[in-house]
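Read through the structure below, which is laid out as structure tokens, and then see the notes.
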Amino acid sequence: MSREHLVNLAVVLALVLLPLAAHLMGETYWVTLATRAAVLALAGVGLNIALGQGGLVSLGHAVFFGIGGYAMGILAYHAQTYTPVIESLGLPGTNLMPLIWLVAAMFAALAALMIGALSLRTSGVYFIMITLAFGQMFYFFALSWPTYGGEDGLSIYVRNRFPGVNTLVPIQFYGVVAAVLLLALLLSDRLARSPFGLALAAARQVPARVAAVGLDPQRLKLVAFVLSAALTGLAGALFADLNRFVSPTMFSWHTSGEIMVFVIIGGVGRLMGPVVGAVVFVLLEHLLGGISEYWQIAFGVLLLLIVLFARGGLIGLIAGREKAHG
Amino acid sequence: MAEPVLETKGLTKSFGALRASEDVSIDLRPGEIHAIIGPNGAGKSTLIAQICGALRPDSGDVRFAGADVTALSVRARARRGLARTFQISALAMDHTVLQNVMLGALGARGRPWRFFVPVLSDRGLRETAEAALERVGLSDHAATRTAELSHGQRRQLEVAVALTLRPRAFVMDEPMAGLGAGGSKRLTGFLDGLRTEAPILLVEHDMDAVFALADRISVLVYGKVIATGTVADIRQSDVVREAYLGEGA
């Protein structure tokens, strides 16, 4: 077992045990913080598929996070007001989490298909700018959409349901989120080792070679972008459920930036990078945010140090350079 | 005579005032090695790019395996069985040697849309890849990270990837470049046997290799083919001697 495997195992154990310990000690607040970290980690796991495996520097992942958030917000809003989502069809809202997740992931994937098909014609800085521009379009759209709260956002009064779980109990809701996160990690790991993952990683490193063996590097990247968006959309739905509130902020480019930054801090392209990054992000936000509202300065310094001295992020620092899969 | 597998007719390509290819007509027949030689800047790379689909010619066309492929992409030509090796190794450096070759096998199969099964446990791909590594003598390095290979080993790996495509023709862009005498000799021996599997269009600077291998040689100077013929023809040609080989040759 390599060192990275041990580190990964330790992270998984910590994900399961630490919040449980906090719960047993009655530290509900820490359980909620852990839930926040796990939800953000899920968004990061999504981004990591595009960024780490596909090499796509997307500054527009807030679009998918926001779509997930609003999918939850809109469905739950109609469920709590007993109004149909689409008047003419009489389509009702829902407060059932699995259904909300499905809608969130599907719409995020659909948006990614359209955004990706356009922006993957470019690369480098232009790709970053186009994804950023799409992000801003969605942000301003949400801001000026009065039906669902416009800039005030949308409050959902009761957390949505998950069969067999009381989601209002923090540790139980954490259990749901952690289970989803672990599943996503499993999927991400599988993906990296699959034939698709091999071709995608090659498309990131040497697109000319991928074309020369008869595969389409752009299509591989597009599929990665869509899968990545679906996970980030799912995270958006959970994020909204955690806060019982959605607002256009979820769409803002700050959100895209934050997700990307903590993935880089944790380790781009490393399985547990997003998890470690999200935990550090939430911890710093909590510990330093209490001292000064400028806590992100410290975060910036950390990012700088990581980029300068630890290319594999914190995971790289602990586990060493990545071994080629296999 | 058998119909050529690969053929260019009147390929012309300009970059501004520079004529990189001018009315280039060459063909590659079954079972042969056709070498393209020429001084630096003669337009060899431009020619290869047009043959493989990375560049569109201004005029002229490319025929491959009985069809006009001039309008087809690199990918489409590869799918029809045109395998190229790159002058500067285009390999995924973070991957293992085996993974690089498996990418070729995956390309040959043409369906990369499997998301949950580990690629290394795909026996079909693995056997194709391992057989190719065996043939070029890289079996012992299957698990090595490609970035750690020597220059010569990377050239071997390039050839191995091309083998997995089970192509109808090879286009090799200076496969001997940077090889030592021993490596060059070994690869020459290997290519010699390969021509019966699929003909090879060989762009090469190493004259010993070219003279040892080629059934025919075309000489490219300033984008134009100034001569095509057997090794003996080319050695004796005054035009070629003047333009390329120099007085002493």
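Tell me, what is the percent relative contact order of chain A, built from C-alpha pairs under 8 Å that lie six or more residues apart?
33 percent.
Pull up the DSSP beta bridges for segment B:128-233 and report the antiparallel fraction as a percent, rounded to 5.
55
Please average, across the residues of B:118-127, the number of beta carbons from any other chain that are within 10 Å of each residue's own beta carbon, and give a whole number.
Neighbouring Cβ atoms belonging to other protein chains average 3 per residue here.
Between B:ALA2 and A:VAL125, what FRET efficiency comes out of the Förster formula 1/(1 + (r/R0)^6) with R0 = 56 Å and r the beta carbon distance, rounded to 0.05?
It comes to 0.65.
Taking the inverse of the average 1/r across all pairs of different Cα atoms in chain B, what Kirkwood radius in Å do you get?
The answer is 18.7 Å.
With only Lys, Arg, Asp and Glu charged, each at its Cβ (+1 for the first two, -1 for the last two), find how big the charge dipole of chain B is about the Cα centre; round to the nearest 20 debye.
900
So for the protein assembly as shown, taking the charge dipole from beta-carbon charges (+1 Lys/Arg, -1 Asp/Glu), which of B:VAL62, A:GLY69, A:PRO146 sits furthest toward the positive end?
A:GLY69
For segment B:134-198, which trypsin sites (Lys or Arg not before Pro) are both in a DSSP coil and crowded by at most 12 other Cβ atoms within 10 Å?
Those that pass, being in a loop and sparsely packed, number zero.
What is the average number of partner chain Cβ atoms found within 10 Å of a Cβ in B:86-95?
5
Assigning unit charges at the beta carbon (Lys, Arg +1; Asp, Glu -1) and nothing else, what dipole magnitude in debye, to the nearest 20, does segment B:73-147 show about its Cα centre?
That gives a dipole near 540 debye.
Any aspartates and glutamates with Cα under 13 Å of the B:LYS13 Cα? List them, leaving off those in the same chain fewer than 8 positions away.
Partners within reach: B:GLU22, B:ASP23, B:ASP58, B:ASP61.
Please list, ordered by chain and number, the residues whose modelled amide H lies under 5 Å from the amide H of B:ARG114; skip anything fewer than 5 residues away on the same chain.
Amide H neighbours of B:ARG114, under 5 Å, 5+ apart: A:PHE196.
Where the centre of each part is set by its Cα atoms, how far does segment A:120-136 sit from segment A:174-221, in angstrom?
21
Given Cα positions, please report Rg to Rh for the protein assembly as shown, the hydrodynamic radius being the Kirkwood one.
Looking at the protein assembly as shown, the ratio lands at 1.08.
For segment A:231-256 and segment B:28-106, what is the separation of their Cα centres, given in Å?
47
Quickly work out the B:ILE88-to-B:ASP192 label distance, labels modelled 7 Å from Cα along the C-beta direction, and quote it in nm with one decimal.
Going by the 7 Å Cα→Cβ label model, 3.3 nm.
Using packing as a proxy for protection, rank B:156-164, A:151-159 so that the peptide with the highest average count of other Cβ atoms within 10 Å comes first.
Those peptides, ordered most packed to least, come out B:156-164, A:151-159.
Starting with the highest mean, order B:85-97, A:306-318 by the number of other Cβ atoms within 10 Å, averaged over the residues of each peptide.
Ranked from most to least packed, the peptides come out as B:85-97, A:306-318.
I want to make sure I understand the PRE zone here: with the label point 7 angstrom from the Cα of B:SER14 toward its beta carbon, which residues in segment B:51-76 have backbone N atoms less than 19 Å away?
B:55-61
Take every DSSP beta bridge with both residues inside the protein assembly as shown and express the antiparallel ones as a percent of the total, to the nearest 5.
Bridges in the protein assembly as shown that DSSP calls antiparallel: roughly 60 percent.
Towards the positive end of the charge dipole of chain B, with charges on Cβ (+1 Lys, Arg; -1 Asp, Glu), say which of B:ALA177, B:TYR222, B:GLN99 has the farthest Cα.
Toward the positive end, the furthest listed residue is B:GLN99.
Values quoted throughout were computed directly from the atomic coordinates according to the rules given, and no laboratory measurement underlies them. A quick note: this is a predicted structure, and the numbers were derived from the prediction, not measured. Neighbour counts run over all protein chains shown; Cβ positions are idealised from the backbone, glycine included.
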